[in-house]
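Structure record follows, encoded as structure tokens.
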Amino acid sequence: MPTDQEKKWLKAWAIAAEQLPLIKQSELCELSEEQGTRLATWLGILDCLPPVRTSGLIEWQKLMKKLQAKTLELN
């Protein structure tokens, strides 16, 4: 059985679910032609990129190893 607090959260999310499409539509209508073109271009660019298969941790570790080597050279 949901608590009173949980019921309030559920009601708030239900209201938000109704309002979000209206907000989205309003924001899209307010975009200038330049902003719309820029956003559409970014969508196209992002769509063409290959999917990311890693979290980037390996690349981060390589970068930190290089930084550590540079730091040791300075000392």
- Query: Could you list log10 I(q)/I(0) for the chain at q = 0.25, 0.26 Å⁻¹, which the Debye formula gives when each Cα is one point scatterer?
  - Reply: -1.08, -1.10
- Multiply the residue separation of residue 48 and residue 5 by 0.36 nm, subtract the distance between their alpha-carbon atoms, and state the gained length in nm to one decimal. 11.1 nm
- Query: If you roll a 1.4 Å probe over the chain with all protein chains in place, what percent of the accessible area is carbon or sulfur?
  - Reply: 64
- Query: With every protein chain left in place, what is the accessible area per residue of the chain in square angstrom, probe 1.4 Å?
  - Reply: 102
- Item | Environment charge of residue 16, counting only residues whose C-beta is closer than 13 Å and scoring Lys/Arg +1, Asp/Glu -1 | +2
- Query: Which of the lysines could be linked to residue 70 by a straight reach, that is with a Cα gap under 25 Å, when you skip same-chain ones fewer than 8 residues away?
  - Reply: 62
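The values are calculated or read from the model by the stated rules, or taken from the named source; none is laboratory data. Everything numeric here is computed off the predicted structure, so don't read it as measured data. Counting neighbours? That spans all protein chains shown, and the Cβs are built from the backbone with ideal geometry, glycine included. These accessible areas exclude ligands, DNA and RNA; they are computed on the full protein's heavy atoms, side chains included. Shrake-Rupley method; radii C 1.70, N 1.55, O 1.52, S 1.80 Å.
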